[in-house]
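The values are calculated or read from the model by the stated rules, or taken from the named source; none is laboratory data. Please read all numbers here as calculations on a predicted model, not as lab measurements. Here the Cβ positions follow ideal geometry from the backbone for every residue, glycine too, while neighbour counts run over all protein chains shown. Accessible surface areas use protein heavy atoms only, side chains included; no ligands, DNA or RNA. Shrake-Rupley method; radii C 1.70, N 1.55, O 1.52, S 1.80 Å.
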Amino acid sequence: MEKLVIEGGAPIDGEVVISGAKNAVLPLLAATLLADGDMTIKNVPQLRDVNTTIRLLEGMGVTVSVDDEYNITTNTSTINSYVAPYDLVKTMRASILVLGPTLARYGEVEVSLPGGCAIGSRPVNIHLSGLEAMGADITVHEGFIRAKAKRLKGARIVMDKVTVTGTENLLMAAVLAEGTTILENAAREPEVVDLADCLNKMGASIIGAGTPTLVVQGVESLKGVEHSVVPDRIETGTFLAAAAITGGRVKTLKAAPDTLDAVLQKFRDAGAAVETGEDWIEVDMRGRTLKSVDITTDPHPGFPTDMQAQFMAMNTFAQGIGVVVETIFENRMMHVAELMRMGANIRLEGNTAIVAGMPELYGAPVMATDLRASASLILAGLAAKGTTIVDRIYHTDRGYEKIEIRLKKLGAQIERVSG
Ligand code: EPU
């Protein structure tokens, strides 16, 4: 198994170009199932989850081609199966995103029911009840969700929790439904807005993206278009955290500052100088003291759960005491025990972590338990004294493109090793 070996203490300083967002490209690739003709997705990050999605689409018979610049072109005229099998869904829960578009366009779909994952039980009841409200006939049997509908019908759906992929699934179903669908308490994440923008380009009629109410007027068909994925706000925040935690400086290019308001405010509260331009963000911590910050995760535009672990790592080195509360997932604190192996002083009470900053942490062998936990351990390793070995980095490769190469360019001493 591959690992990252990090020698802590190297100064981090430089520029990094941000990739397209993992959590935008996955729904966009699912949306290609709705397109008549060729559809091309650009600014695609090279990630394990993207490869899994390509395998999923190819398994359904979709023709997928990838060019030298990693632009992905799909054509659904060859589709011959409406199944998302267990072996793919179990490695990537986002496979559930084919449910809405496949049902809406082809009238039937079977998706292996995603189980829980390391960060929580993550049910999909809201996806299913929303589709049922639109007239789908759904059964869950032998580990599979089976859904049928001649043509979905518009409905008013109030989601009782804010769900990102739930909103995306229902949106991709509603665009081809008969009549008007109103999605209330919709997720406002920039990735949902990107999906809505792309669907509108394809000929859909969606109003309200980025607000809690989406109004969708169903259309008969959608055409293939070209669409470029929004920058990854979580990757951006993670690289900026590398500057903050090491007392260095990082400028992220091709970024989207307006998707990161809550996070940038926390960097300022932590003592960093933060500057932004139209498509860049710089965090400068040189000569400054890192201060603890209190964090409570919330749906967008609140502080993202996907940045919680990285700020926890920052707090372990910061001056003072920071309280970190996770409200989205019930089990997203597993990095705490690993950070403590490096000398962090953290008291965990349920989903609240009380972090007392330490002047130093020490490198240690640690284990990644999920994607963002792996980012937090890498960050801690960059700032710790001595050698940190991060194991199970297949989690990292799901969401960060060539992380060690890009960190190295910023000055980090980091190597990928096998075995
Ligand atoms: N929930 C339900 N029922 C549902 C759906 C969700 O109870 O039918 C609950 C979940 O259990 C959770 C909360 O609602 O407690 C929010 O979950 P959400 O559905 O928003 O999460 P998701 O759509 O499965 C996406 C991202 C995650 C990110 C969350 C929250 C993708 C592919 N994944 O997951 O990304 O943490 O939204 O912002 O978009 C990551 O990138 O590391 C990652 C985990």
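The numbered conditions (1) within 15 Å of the ligand (Cβ to nearest atom); (2) touching a helix residue (DSSP H, G or I) at 6+ places or on another chain (Cβ under 8 Å); (3) more than 19 Å from Y82 (Cα to Cα) are all true for A136 except (3). Within the range 198-219, being open to solvent by 50 Å² or more (accessible area, probe 1.4 Å), touching a residue at least 24 places away in the same chain (Cβ under 8 Å) and farther than 18 Å from G166 by Cα holds for K201, Q217. Among strands (runs of 3 or more DSSP E) entirely within the range 313-384, having at least 3 residues that are within 30 Å of A187 (Cβ to Cβ) singles out 321-325, 345-349, 352-356. The residues of the range 235-261 that are surrounded by fewer than 18 Cβ atoms within 10 Å (Cβ to Cβ) and hydrophobic (A, V, I, L, M, F, W, C) amount to a single one, L253. Check whether at least one residue in the range 88-99 is open to solvent by 50 Å² or more (accessible area, probe 1.4 Å) and more than 16 Å from R146 (Cα to Cα), and report yes or no. Yes, because at least one residue in the range 88-99 is open to solvent by 50 Å² or more (accessible area, probe 1.4 Å) and more than 16 Å from R146 (Cα to Cα).
Step by step: first the residues of the range 157-197, then only those that are of a type in the set (D, E, K, R) and more than 22 Å from D232 (Cβ to Cβ), then the one that is surrounded by the most Cβ atoms within 10 Å (Cβ to Cβ). Which residue is that?
Pass one, the range 157-197, residues of a type in the set (D, E, K, R): 160-161, 168, 178, 184, 188-189, 191, 194, 197.
After this cut, where a residue has to be more than 22 Å from D232 (Cβ to Cβ) as well, the list is 160-161, 178, 184.
Details: D160: 10, K161: 12, E178: 15, E184: 12.
Taking the candidates together, the pick is E178.
Among the residues of the range 66-86, the ones that are over 21 Å from H127 (Cα atoms) and either open to solvent by 60 Å² or more (accessible area, probe 1.4 Å) or within 16 Å of the ligand (Cβ to nearest atom) (or both) come to 7 in all.
Just one of the numbered conditions (1) under 23 Å from Q319 (Cα atoms); (2) among the polar types (S, T, N, Q); (3) touching a His at 6+ places or on another chain (Cβ under 8 Å) is not true of S374: (1).
Within the range 104-119, is even one residue assigned to a loop (DSSP other than H, G, I, E, B) and open to solvent by 50 Å² or more (accessible area, probe 1.4 Å)?
Step one: list which residues in the range 104-119 are assigned to a loop (DSSP other than H, G, I, E, B), which gives 107, 113-116, 118-119.
Applying the additional criterion that residues be open to solvent by 50 Å² or more (accessible area, probe 1.4 Å) yields 113, 116.
Yes, the range 104-119 contains a residue that is assigned to a loop (DSSP other than H, G, I, E, B) and open to solvent by 50 Å² or more (accessible area, probe 1.4 Å).
Counting only residues that are under 17 Å from I41 (Cβ atoms) and either touching a residue at least 24 places away in the same chain (Cβ under 8 Å) or among the basic types (K, R) (or both), the range 53-68 holds 7 of them. All conditions in (1) crowded, with 18+ Cβ neighbours inside 10 Å; (2) more than 16 Å from the ligand (Cβ to nearest atom); (3) among the acidic types (D, E) hold for E226, with the sole exception of (1). Pairing residues of the range 145-158 that are in contact (Cβ under 8 Å) with a residue 40 or more places away in the chain with residues that are assigned to a strand (DSSP E or B), at Cβ distances under 6 Å and at least 6 apart in sequence or on separate chains, gives I145/V111; A147/V109; A147/I138; K148/E108; K148/D137; R151/E178; G154/T180; G154/T181. Within the range 297-332, if we keep just the residues that are buried (at least 24 other Cβ atoms within 10 Å of the Cβ) and away from the ligand (no atom under 12 Å from the Cβ), the residue that is nearest to L377 (Cα to Cα) turns out to be A313.
One line per residue, one yes/no per condition, for (1) modelled with pLDDT of 95 or more; (2) among the acidic types (D, E); (3) not in a helix (DSSP H, G or I):
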{"residue": "I41", "(1), (2), (3)": "yes, no, yes"}
{"residue": "V44", "(1), (2), (3)": "yes, no, yes"}
{"residue": "D49", "(1), (2), (3)": "no, yes, no"}
{"residue": "G61", "(1), (2), (3)": "yes, no, yes"}
{"residue": "V64", "(1), (2), (3)": "yes, no, yes"}
{"residue": "T74", "(1), (2), (3)": "yes, no, yes"}
{"residue": "S77", "(1), (2), (3)": "yes, no, no"}
{"residue": "S81", "(1), (2), (3)": "yes, no, yes"}
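For the residues P299, P359, the requirement of being more than 21 Å from Y400 (Cβ to Cβ) and within 19 Å of the chain's Cα centre (by Cα) singles out P299.
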